[in-house]
Amino acid sequence: SAEPCWMPWFREMTARGTVGLLGGAQLQPASTATTIAVSDGEVLLTDGPFAETKEQILGYDVIDVADLDEAVYVASRHPVATSGGRVEIRPIMES
């Protein structure tokens, strides 16, 4: 079977030695989402995503890098970015 499209990226980033790939996952389609809100103590469920948008998050990768420059390089080489998609970089909240 063919290897996943992200494997070359994974190998390249691992070989750099400056990138720690800590985890990630592909998400189910937005149509499978359940949105939860609480109003006056009542839990309200809605099928589908909360955001009305044409763009949707397909998945996520958690990386450990030294700085934003390295994160930008890693993201610019990601198969989503190189195939015309967008990759968003966000720092993780420190506890």
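The values are calculated or read from the model by the stated rules, or taken from the named source; none is laboratory data. Owing to the predicted nature of the structure, the values given are computational and were not obtained by experimental measurement. Using ideal geometry, Cβ is built from the backbone for each residue, glycine included, and neighbour counts are taken over all protein chains shown. Calculation scope for accessible area: heavy atoms of the full protein, side chains included, ligands and nucleic acids excluded. Shrake-Rupley method; radii C 1.70, N 1.55, O 1.52, S 1.80 Å.
Sequence-distant or interchain residues sharing an amide H contact under 5 Å with Leu21, placed H: which?
Residues meeting the amide H criterion: Asp64.
Treating the Cα atoms of the chain as identical point scatterers in vacuum, please give the log10 of the normalised Debye intensity I(q)/I(0) at q = 0.14, 0.22, 0.25 Å⁻¹, two decimals.
Rounded to two decimals, the profile gives -0.68, -1.19, -1.36.
Roughly how many Å is it from the Cα centre of the range 76-92 to that of the range 5-44, as a whole number?
For the range 76-92 versus the range 5-44, the Cα centre distance is 12 Å.
Roughly to the nearest percent, how much of the accessible area of the chain is carbon and sulfur, given a 1.4 Å probe?
55
Please give the helix 7-16 orientation as an angle from the longest Cα principal axis of the chain, in degrees from 0 to 90, rounded to the nearest 10.
The two axes meet at around 60 degrees.
Loop by DSSP (not H, G, I, E, B), at most 14 other beta-carbon atoms within 10 Å: where is the longest site-free stretch of the chain for trypsin sites (Lys or Arg not before Pro)?
Longest gap between qualifying sites, sites excluded: 1-53.
Accessible area per residue, 1.4 Å probe, Å², for the chain: what's the number?
So the chain comes to 84 Å² accessible per residue, rounded to a whole number.
To the nearest 10 degrees, how steep is helix 68-77 against the longest Cα principal axis of the chain, on a 0 to 90 scale?
90
How big is the range 1-48 on each of its three principal axes, counting only the C-alpha atoms and giving the largest first in Å?
Taking max minus min along each principal axis of the Cα atoms, the range 1-48 gives 52, 29, 10 Å.
Between beta-carbons, use under 15 Å as the cut-off and find the net charge around Asp61, counting Lys and Arg +1, Asp and Glu -1.
With Lys, Arg at +1 and Asp, Glu at -1, the net is +1.
Sort out the exposed loop GluC sites (Glu not before Pro) in the chain (DSSP loop, at most 12 other Cβ within 10 Å) and tell me the longest stretch that has none.
That would be 1-51.
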